[in-house]
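Take a look at the structure set out below.
The values are calculated or read from the model by the stated rules, or taken from the named source; none is laboratory data. Computed from a prediction, not measured in an experiment: that's the story for all the values here. Glycine also receives a Cβ, built like all others from the backbone with ideal geometry; neighbour counts cover every protein chain displayed. We work out accessible area using only protein heavy atoms, side chains counted, and drop any ligands, DNA or RNA first. Shrake-Rupley method; radii C 1.70, N 1.55, O 1.52, S 1.80 Å.
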Amino acid sequence: MLQSETERLILRPLQNEDYEQWLEGFRNRLPSQYKYDGDGIDVDAWTQQKFNDVVARYKRLAERDELYVFGVFRKSDQKHIGSVEFSTIMRDEFQWGMLGYRIHNQFWKQGYGREAVKEGLSIAFRDLNFHRMEAHINVDNSPSIRLAESAGMDYECTRKRFIYEENDWTDNLIYYMNTK
């Protein structure tokens, strides 16, 4: 199993045994802090079996090189604090992927996001052999923009009417990083 560690965090694929920590992370979220802070998960609907099914689906997607989802766990107490994920956009001569990230809001403003994203990018380049990673960020998502920048990603462009969200096509800022 691919796993990577920082001073304070462990990033690794979710396992069935992570159910309680994962559920606790979502249950202990603070009320939404801003527009893009919705968790979208009804924790009361999640059972161990439903979680196991998602873990198995993530494993199949990783085996097909389509999506890699890494749980982010705090070393000191094994708390699930969020996730970092990589979607393959195109391989062959491109080796191009998209980065996504989420840190539970009860863990914000402690540097965990930057630490997790920086280590996630290391995994993408070192272990998953991507050459280019992009983050697609809503133009008004200032916390995500700050996180991408603090992790060393560079602004490239604004893609107009790029992603269909909430019954409309939205503009997205593209932040990127390449292998050196």
Suppose we look only past 20 Å in the calculated P(r) of the stretch 1-105. What percent of the Cα-Cα pairs does that tail hold? 44 percent
Is the stretch 119-180 best put as rounded, prolate or oblate by its Cα gyration tensor, with a ≥ b ≥ c the root eigenvalues, rounded for a/c under 1.5, and otherwise prolate when a/b is larger than b/c, oblate when not? prolate
Eligible lysines near Lys160 by straight Cα distance, threshold 29 Å, same-chain separation 8 or greater: Lys35, Lys118, Lys180
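Suppose a student asked you for the relative contact order of the stretch 27-144, using Cα pairs under 8 Å spaced at least 6 residues apart; what percent would you report?
Details: 124 pairs, mean separation 23.5, N = 118.
For the stretch 27-144, the relative contact order is 20 percent.
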Near Lys59, which lysines are there with a Cα under 17 Å away, not counting those fewer than 8 places off in the same chain? Lys50
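Between Tyr36 and Glu165, what length in nm is gained on full extension when 0.36 nm per residue of separation is reduced by their alpha carbon distance?
Residue separation times 0.36 nm, minus the Cα-Cα distance, leaves 45.3 nm.
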Two pseudo-spin positions, 7 Å from Cα along C-beta at Lys75 and at Lys59, lie apart in nanometres by 2.7 nm
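Mind checking the per residue accessible area of the stretch 4-118 for me, 1.4 Å probe, whole number of Å²? Mind showing how you got there, number by number?
Numbers: 6230 Å² over 115 residues.
On a per-residue basis, 54 Å².
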P(r) tail for the chain, what percent of Cα pairs lie past 20 Å? 55 percent
Given a 1.4 Å probe and every protein chain left where it sits, what share in percent of the accessible area of the stretch 58-122 is carbon and sulfur? 49 percent
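Would you mind computing the Rg to Rh ratio of the stretch 75-180 from its alpha-carbon coordinates, Kirkwood style for Rh? Intermediate results must be reported in sequence, preceding the final value.
Values: Rg = 14.2 Å, Rh = 14.5 Å.
Looking at the stretch 75-180, the ratio lands at 0.98.
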Ignoring ligands and nucleic acids, Met1 exposes an accessible area, probe 1.4 Å, in Å² to the nearest 10, of 140 Å²
